[in-house]
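The values are calculated or read from the model by the stated rules, or taken from the named source; none is laboratory data. Here the structure is a predicted model, which is why all the values come from computation and not from measurement. So basically every Cβ, Gly included, is an ideal-geometry build from the backbone, and we count neighbours across all protein chains shown.
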Amino acid sequence: MVGSALALALQDSGLEVLLLDGSPLSLKPFAAEAAFEPRVSALSAASQRILERLGVWDGIAQRRSSPYTDMHVWDGSGTGQIHFSASSVHADVLGHIVENRVVQDALLERLHDCDLGMLANARLEQMRRSGDDWLLTLADGRTLRAPLVIAADGANSAVRRLTGVATREWDYLHHAIVTSVRCSQPHRKTAWQRFTDHGPLAFLPLERDGQQDWCSIVWSTTPAEAERLMALEETAFCAELERAFEGRLGEVISADPRLCVPLRQRHAKRYVAEGLALIGDAAHTIHPLAGQGVNLGFLDAAVLAEVLLQAHQRGERLADVKVLSRYERRRMPHNLALMAAMEGFERLFQADALPLRWLRNAGLKLVEQMPEAKALFVREALGLTGDLPALAKP
Ligand SMILES: Cc1cc2nc3c(=O)[nH]c(=O)nc-3n(C[C@H](O)[C@H](O)[C@H](O)COP(=O)(O)OP(=O)(O)OC[C@H]3O[C@@H](n4cnc5c(N)ncnc54)[C@H](O)[C@@H]3O)c2cc1C
């Protein structure tokens, strides 16, 4: 998703761009009645703007996207709760829940319409310096030479590993169970998140043919509990899920096949080196409770494109680490701040100690009564704050 967005942002610039991916990069025909893909992203207003300006949003809207206007968060072991609404900041929506496959296909459709170079089924296996360039070797033996490599190859980035970029990692000792479920009551365009004793449980609203009875769930829990929940047959799983969610949307009627993903938060100590830049999950993976992973990635792509295009206009050498550092300086503090906040949240809500339980309940209640603090939070979630690239500016 993030690499494709960057490639599109560099189109028509006179730069020679080659997008390579280990997958076939083929478009799947979309059927409106198709089952939901288990992997979804909550796209912020800033991401929507970036995708609109890259000509991708129409492709998303034509396929399937689910707007949400409200967010409701509560502590399962207390009485603290908080409610956010788009109307509090005079916005129409807080964001859209979109299946990752839909985002990828809309990006691919646009890429196929441009004259950007694309290499499918191109799995990178080796890379090394050769003079001022990188020499890349693919799994099928082909070699490529490039002065600048931008790694958007995800959480387990091969580029990051092959170039020895150090990371800081936190293992949450948590797995996330991901699937789509049908409930007996409509979700009312609300994203729901309950903090349970084992971790956060999110119900994200999905819409199909105007029906509001499907949700995408992300259930973070201990590996042992995840293993037990994954082994349950559908009816028993639905019953456990309904209980863990306090039946807020009535009965959980059915669940699609489940995926289980181990959760790690990871941050590269540097995003750039001579001839190299990391963006998206290759640079940072964040706990899904924030629902911000790909949103940070799209902002990385937009800022890096802006930096490269400005440098190109000035005739600077794009692979120069001094040029690339401008991107790092703009993105790293923002990403780190959000990751630190998520780390704090995660710990606070995992804490069993009575004073900490009291603190989080009191904190939630306090913030709930502070409309200005809530509006600040909503603006941050909408991506309306901070050093925004032109592609994301309202
Ligand atoms: C349970 C869960 C829930 C989430 N929910 C949200 C959410 O609500 N909102 C949100 O914003 N984010 C969410 N995220 C995070 C989001 O999914 C990621 O941030 C996003 O997928 C990162 O996109 P990316 O393009 O950087 O990397 P990826 O999507 O991982 O793409 C990497 C690409 O690199 C290619 N590749 C990998 N290795 C190689 C190689 N060696 N050679 C060639 N190509 C290669 C792959 O084929 C792929 O196309 C969630 C994550 C999880 C685990």
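Residue 37 fails exactly one of the following numbered conditions: (1) within 12 Å of the ligand (Cβ to nearest atom); (2) part of a helix (DSSP H, G or I); (3) in contact with a helix residue (DSSP H, G or I) (Cβ under 7 Å, 6 or more places away or on another chain); (4) not hydroxyl-bearing (Ser, Thr, Tyr). What is the number of that condition?
Just one mismatch for residue 37, condition (2).
Among the residues of the range 113-138, what is the count of those that are within 28 Å of the chain's Cα centre (by Cα), among the aliphatic types (A, V, I, L, M) and surrounded by fewer than 15 Cβ atoms within 10 Å (Cβ to Cβ)? So that I can check it myself, show each step before the final result.
Step one: list which residues in the range 113-138 are within 28 Å of the chain's Cα centre (by Cα), which gives 113-127, 136, 138.
Filter again for among the aliphatic types (A, V, I, L, M), leaving 116, 118-120, 122, 124, 127, 136, 138.
Retained after the next criterion (residues that are surrounded by fewer than 15 Cβ atoms within 10 Å (Cβ to Cβ)): 119-120.
Of the residues in that region, 2 qualify.
From the list 51, 107, which residue is at pLDDT 95 or above, surrounded by 15 or more Cβ atoms within 10 Å (Cβ to Cβ), touching a Ser or Thr at 6+ places or on another chain (Cβ under 6 Å) and not in a strand (DSSP E or B)?
Details: 51 fails: touching a Ser or Thr at 6+ places or on another chain (Cβ under 6 Å).
Just one listed residue meets the conditions, 107.
It is to be established whether one or more residues within the range 1-20 are part of a loop (DSSP other than H, G, I, E, B), of a type outside the set (A, V, I, L, M, F, W, C), crowded, with 18+ Cβ neighbours inside 10 Å and within 12 Å of the ligand (Cβ to nearest atom).
So in the range 1-20, the residues part of a loop (DSSP other than H, G, I, E, B) come out as 1, 10-17.
The next check asks that each one be of a type outside the set (A, V, I, L, M, F, W, C); those that pass are 11-14, 16.
Add one more test, that the residue is crowded, with 18+ Cβ neighbours inside 10 Å, and what stays is none.
Scanning the range 1-20, I find no residue that is part of a loop (DSSP other than H, G, I, E, B), of a type outside the set (A, V, I, L, M, F, W, C), crowded, with 18+ Cβ neighbours inside 10 Å and within 12 Å of the ligand (Cβ to nearest atom), so the answer is no.
Which one of these does residue 215 not meet: (1) in contact (Cβ under 8 Å) with a residue 60 or more places away in the chain; (2) buried (at least 19 other Cβ atoms within 10 Å of the Cβ)?
Unmet for residue 215, out of (1) in contact (Cβ under 8 Å) with a residue 60 or more places away in the chain; (2) buried (at least 19 other Cβ atoms within 10 Å of the Cβ): (1).
Among the listed residues 298, 237, identify the single one that is within 11 Å of the ligand (Cβ to nearest atom) and either more than 17 Å from the chain's Cα centre (by Cα) or in a helix (DSSP H, G or I) (or both). Even if it seems obvious, please write down each step before you answer.
Values: 237 fails: within 11 Å of the ligand (Cβ to nearest atom).
One residue alone meets the criteria, 298.
Could you tell me whether any residue of the range 301-314 is crowded, with 21+ Cβ neighbours inside 10 Å, within 25 Å of residue 193 (Cα to Cα) and either within 16 Å of the ligand (Cβ to nearest atom) or without any contact (Cβ under 8 Å) to a residue 24 or more places away in the chain (or both)? Before the answer, list the steps.
Of the residues in the range 301-314, the ones crowded, with 21+ Cβ neighbours inside 10 Å are 301-305, 307-308.
In the following step, the residues that additionally are within 25 Å of residue 193 (Cα to Cα) were identified as none.
Within the range 301-314 (the criterion being crowded, with 21+ Cβ neighbours inside 10 Å, within 25 Å of residue 193 (Cα to Cα) and either within 16 Å of the ligand (Cβ to nearest atom) or without any contact (Cβ under 8 Å) to a residue 24 or more places away in the chain (or both)), the answer is no, since none of the residues qualifies.
Among the basic types (Lys, Arg) and more than 21 Å from residue 166 (Cα to Cα): which single residue out of 258, 270 fits that description? First the steps, then the outcome.
Details: 270 fails: more than 21 Å from residue 166 (Cα to Cα).
The conditions single out 258.
Would the range 266-286 turn up any residue that is surrounded by fewer than 16 Cβ atoms within 10 Å (Cβ to Cβ) and assigned to a helix (DSSP H, G or I)?
Checked the range 266-286: no residue is surrounded by fewer than 16 Cβ atoms within 10 Å (Cβ to Cβ) and assigned to a helix (DSSP H, G or I).
Can you work out which of the residues in the range 139-150 that are within 14 Å of the ligand (Cβ to nearest atom) and more than 11 Å from residue 124 (Cα to Cα) is surrounded by the most Cβ atoms within 10 Å (Cβ to Cβ)?
150
Within the group 211, 185, which residue is more than 11 Å from the ligand (Cβ to nearest atom) and at pLDDT below 95? Full working, then the answer.
Numbers: 185 fails: at pLDDT below 95.
From the options 211, 185, the qualifying one is 211.
What pairs come out if I take residues in the range 260-279 that are at negative phi and pair them with residues that are within 15 Å of the ligand (Cβ to nearest atom) and basic (Lys, Arg) whose C-beta lies under 7 Å away, six or more apart or interchain?
Note: pairs meeting the criteria are 268/160; 271/331; 278/160.
I'm trying to understand the selection: among the residues of the range 57-71, which are in a strand (DSSP E or B) and either more than 15 Å from residue 208 (Cβ to Cβ) or out of contact with any Pro (no Cβ under 7 Å at 6 or more places or on another chain) (or both)?
67, 70, 71
Can you tell me which residue in the range 151-167 is nearest to the ligand (Cβ to nearest atom), limited to those that are surrounded by fewer than 20 Cβ atoms within 10 Å (Cβ to Cβ) and among the polar types (S, T, N, Q)? Write out each step before concluding.
Kept after step one, since they are surrounded by fewer than 20 Cβ atoms within 10 Å (Cβ to Cβ), are these residues of the range 151-167: 154-156, 158, 161-164, 166-167.
Now restrict to residues that are among the polar types (S, T, N, Q): 156, 163, 167.
Details: 156: 7, 163: 12, 167: 14 Å.
Applying the filter and picking the extreme gives 156.
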